Each structure stands twice: as structure tokens, then as C-alpha cells.
Amino acid sequence: MERYYQPEIECAPVEQIKALQDERLVKQVKHVWDNVPYYRKKMEEKGVTPDDIKGTKDMYKLPFLTKDDLRIAYPYGLMGKPLKECVRIQSTSGTTGKRVVAFYTQHDIDLWEDCCARAIVAAGGTDEDVCQVSYGYGLFTGGPGLNGGSHKVGCLTVPTSSGNTERQIMFIQDLKSTILCCTPSYAAYLGETMKEMGLTPDQIPLKAGIFGAEAWSEEMRQDIQNTLGIKAYDIYGLTELSGPGVSFECSEQSGMHINEDHFIAEIIDPNTGEVLPEGTKGELVFTSLTKEAFPLLRYRTRDICVLTRKKCSCGRTFIKMAKPMGRSDDMLIIRGVNVFPSQIEAVLIAAGYPANYQIVVDRVKNSDTLDVQVEMTPEMFADNVGEVKKRQAALEAGLRSMLGISAKVVLVAPKTIARSEGKAVRVIDKRKI
Ligand code: DLL
């Protein structure tokens with residue numbers, strides 16, 4: 001039987017959710033206008049005032065916010081509350097450019113943890129569960145967010161944070177952890193290690209996993225589910241909007257319900273900014289309706305995605321987003337063709353390879369090259385050279401048919417490619433270096 005953390009809103013009639021969004025948007029625009037001079041100026045430049053925003057139908061009038069705005073306004077320029085009322089910051093890893101620092105009031109944290117609690121309950125979590133949180137704790141939102149959600153559900157929370165794989169497995173076994181929260185790449189690594197230790201899925205007490213923070217394919221989900229003997233649920237979020245729990249998967253495991261009482265989602269054409277109809281692929285844009293300290297209106301995530309409001313068998317009425325296919329800034333343009341790492345991953349896993357691979361892009365004599373290094377399983381590694389060559393050719397054919405361009409496949413020995421404890425680094429683009 002499906003269970004909910006806050007059924008009154010998670011399963012509310014769509015009209016009720018939309019009316020709530022209208023009401024909250026009007027309030028939030030006023031809050032931002034009154035308290036965030038940076039955004040007010042953007043509105044003034046566009047000739048918009050809070051009086052023009054009567055509900056979500058007027059959203060399109062509001063200016064977008066981008067990552068560049070966040071950089072310019074760093075660190076305090078987008079705050080909606082005085083520092084005195086804030087109790088926490090979280091921050092992105094800042095691998096490209098300046099870090100994003102997001103601020104929270106106690107109220108913001110409370111609502112964020114509710115969102116994470118909804119995700120845990122949707123994955124079958126109850127106060128009988130032992131929830132091991134193996135996302136990083138600290139500035140990264142993964143650990144603190146799921147930790148708070150787990151408390152709210154009443155699970156016994158095991159805050160292992162990421163890394164120290166042996167200890168993770170010891171706790172899973174000794175404390176009989178039933179729910180695992182971490183990145184999908186770390187879940188795959190934990191699964192691989194347990195398999196090597198001779199543990200079969202029925203000897204692993206886990207029953208569910210809540211995996212997100214990076215793009216992962218449907219094939220990778222199957223792989224993790226089989227190795228760990230669990231149901232693997234996707235969870236999405238970003239620091240700018242609070243962290244994990246902006247959207248989460250239910251028992252249908254076919255896309256993530258967006259917490260629409262807290263966020264409005266739009267899909268736009270990344271080139272023109274035009275709002276696209278439901279069901280069309282484009283860039284995901286979010287407006288936070290309830291955030292006090294860091295209220296972002298029409299924030300461009302750069303994630304490429306599709307929204308659908310088909311009836312869901314779980315009973316939730318929140319709109320669903322498909323798995324993001326990667327970020328528009330993750331998208332590689334190789335010989336003029338758009339390539340997402342997730343497409344490559346899908347081909348590899350469907351052909352029976354583990355999700356341990358690295359994509360190397362370079363430019364040789366003015367032409368782009370695409371090399372995919374893929375780890376073999378120990379069984380494949382034991383094959384003779386002729387067999388390995390055949391496998392290589394088969395993968396190259398599979399990639400050509402998926403991507404429309406050729407790629408060179410290099411099969412490497414098991415354990416050659418570095419494992420990740422957090423977000424995996426899949427692409428090395430030497431053209432930019
Ligand atoms: O990754 C928050 C999070 C933590 C989400 C734990 C889920 C679980 P950031 O570090 O700010 O926040 O990175 C946000 O990660 O814009 C997406 O590109 C990507 N991302 C997050 N979740 C997913 C997902 C956290 N389920 C960026 N699928 C986002 C694909 C995801 N990409």
C-alpha cells in the first residue's frame with residue numbers, strides 16, 4: 001500500500017495545488033521585490049512590478065535568474081532575510097567558477113526536510129527503518145538534507161557520510177540498514193564491493209535506495225537493483241533551491257514528482273527563453289515559492305528535462321519530471337553532434353558492462369575525437385584477445401547507432417578507473433584545457 005508523508009498536499013486535486021501556487025507566487029514576488037534589490041532591479045529593467053503578477057499565468061513576465069547572477073550577487077546579494085534570521089548555509093562544490101552559497105532560515109530548513117521526508121516515505125520508509133545516509137555531510141546538501149528527512153520520518157538515522165567503503169558495509173550488515181541514500185555511482189561501487197566479498201542480494205538487508213545528485217541511466221538502475229536486491233529511487237534537487245527533495249520518485253519509478261507546493265517548474269527553450277508546452281524537452285526553470293532566506297524566481301538550472309502531468313498510480317498529483325538527461329553545460333558537442341554522457345552510459349550498461357567508464361574528448365588535426373574507456377568485468381577480462389576485440393567492435397557499433405557519430409572504445413582491466421564516493425567525474429574534455 002502506498003504511503004505518504006503529507007497526503008493532504010501530495011495527493012490534493014490539481015486545481016487546489018494550482019490555486020496554492022497562484023497565492024504563494026503573488027506573496028513571494030512581493031517578498032522578493034521588497035527585500036532583494038538585485039532582483040527588483042531586474043524586474044524594473046523589464047518594466048514589471050508585483051501588481052503585474054496575479055498568479056502563475058503571469059510567470060512569463062518575470063525575468064530569469066542564471067548562475068551568472070548568482071556569481072555576481074555572491075555572497076549576500078540575493079538574500080531575502082537579514083543574516084540575523086538565517087541559521088545555516090550550504091554550498092556547491094564550485095568546480096566551475098565561484099561557489100554558490102545558499103542561505104536558510106529555520107523555517108526554510110524545516111520545509112526542506114519535509115520534502116526529503118516525502119521522498120523517504122515514497123521509497124517505503126517508516127519509523128521501523130534504518131536509514132544510512134552516505135551522501136557527503138558538510139557544505140554539500142545531500143547529507144544534511146536526507147539526514148533531516150530521515151529524522152522526520154522517525155527512521156534510525158546512520159550518518160556515515162560518504163567514503164570509507166568498508167565501514168559503510170560493516171554498518172549496513174551490523175545495524176541492518178534497510179534504506180541507503182547516496183549517489184548512484186557510489187551505490188554501484190558499494191554493490192560491486194559487496195559482490196566481491198561474496199555477499200548475495202538476499203544477504204544484504206537493504207530494501208530501498210534513494211539515489212541522486214547526478215545523472216544516471218535506467219540501465220544503471222537495473223544494475224544497482226539487481227546487485228543490492230533493492231528498489232532504487234531517484235531524487236533530484238540543487239543547492240540553489242534547498243538541496244535534495246525538489247522532486248522524488250514514487251513506487252511507479254517512472255519520473256520524479258516535483259514538490260509543487262514549494263516549487264513551480266517550467267520548461268524553456270534554452271536558446272530563446274520561450275516557455276515550451278508540457279511534454280517538450282528543454283531547460284528546467286524553477287521558482288521557489290516558500291524559501292524566505294534565498295528566494296529564487298525563475299532560476300535557470302541548465303538541466304535538460306521533460307515534464308508530464310499524467311495520472312500516477314501512486315496517487316500523488318504533483319507534476320513529474322523525467323530523469324534529467326544531463327545538464328546543458330554537460331552536453332558535449334562532438335563534430336557538431338550533441339552528445340550526453342548518459343547516452344553513452346546507457347549503451348555500455350545495456351551491453352553488460354559496469355558503470356565504470358571515462359569519456360575523453362580531444363581535438364586532433366582540427367577534428368574532435370571521442371574515446372570511451374570502459375572497464376571489463378573480471379569474466380570478460382579472462383577472455384582471449386580475439387574475443388576482447390570483438391567486444392570492442394560491438395560496443396563501437398552500439399555507440400555509433402546511439403550517437404550518430406563514431407567513438408573509439410578502449411576496454412580496460414577491472415578496477416582501472418577511479419571510483420567515486422560522491423558525484424562521479426565521467427568526462428575529460430581536453431579541448432578546453
Ligand atoms: O546535487 C543536491 C542533491 C543531493 C540532489 C543529493 C539529490 C541527492 P548540487 O550539488 O547543487 O545539488 O547539484 C545540482 O546536480 O542541477 C543536476 O544537474 C544534478 N542532479 C541532482 N540530482 C539529480 C538527479 C545536489 N536525480 C545538480 N538526476 C542539478 C540527474 C541530478 N541530475
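The values are calculated or read from the model by the stated rules, or taken from the named source; none is laboratory data. This one's a predicted model, so the numbers in the text were calculated from it and none came from an experiment. Note that each Cβ is placed from the backbone with ideal geometry, even for glycine, and that neighbours are counted across all protein chains shown.
Checked against the criterion of being on the phi > 0 side of the Ramachandran plot, modelled with pLDDT of 95 or more and either crowded, with 24+ Cβ neighbours inside 10 Å or under 17 Å from the mean Cα position of the chain (by Cα) (or both), the candidates GLY273, GLY279, GLY229, GLY245 yield just one match: GLY245. So for the stretch 210-217 (the condition being crowded, with 23+ Cβ neighbours inside 10 Å, at pLDDT 95 or above, under 27 Å from VAL100 (Cβ atoms) and touching a Cys at 6+ places or on another chain (Cβ under 8 Å)), does at least one residue qualify? Yes, there is a match, as at least one residue in the stretch 210-217 is crowded, with 23+ Cβ neighbours inside 10 Å, at pLDDT 95 or above, under 27 Å from VAL100 (Cβ atoms) and touching a Cys at 6+ places or on another chain (Cβ under 8 Å). Screening GLY136 on (1) buried (at least 23 other Cβ atoms within 10 Å of the Cβ); (2) at pLDDT below 95; (3) in contact with a helix residue (DSSP H, G or I) (Cβ under 8 Å, 6 or more places away or on another chain); (4) not polar (S, T, N, Q) shows it passes everything except condition (1).
Mind checking whether some residue in the stretch 167-182 is part of a loop (DSSP other than H, G, I, E, B), surrounded by 18 or more Cβ atoms within 10 Å (Cβ to Cβ) and within 20 Å of the chain's Cα centre (by Cα)?
Restricting attention to the stretch 167-182, the residues satisfying the condition of being part of a loop (DSSP other than H, G, I, E, B) are 175-178.
From the residues that got through so far, the ones that are surrounded by 18 or more Cβ atoms within 10 Å (Cβ to Cβ) too are 177-178.
Keeping just the survivors that are within 20 Å of the chain's Cα centre (by Cα) gives none.
No, the stretch 167-182 contains no residue that is part of a loop (DSSP other than H, G, I, E, B), surrounded by 18 or more Cβ atoms within 10 Å (Cβ to Cβ) and within 20 Å of the chain's Cα centre (by Cα).
Figure legend. Inter-residue proximity from the stretch 198-227: first residues part of a loop (DSSP other than H, G, I, E, B), second residues modelled with pLDDT under 95 and more than 11 Å from the ligand (Cβ to nearest atom), beta-carbon distance below 6 Å, spacing 6+ or different chains. Indicated pairs: SER217/GLU345; SER217/ALA346.
Can you tell me which of ALA346, ALA355 is outside the structural domain of GLN90 (by TED's automatic domain parsing) and surrounded by fewer than 22 Cβ atoms within 10 Å (Cβ to Cβ)?
Working: ALA355 fails: surrounded by fewer than 22 Cβ atoms within 10 Å (Cβ to Cβ).
The match here is ALA346.
Taking the listed residues GLY352, GLY326, GLY315, the one that is touching a strand residue (DSSP E or B) at 6+ places or on another chain (Cβ under 8 Å) and in contact (Cβ under 8 Å) with a residue 24 or more places away in the chain is GLY326, with no other qualifying.
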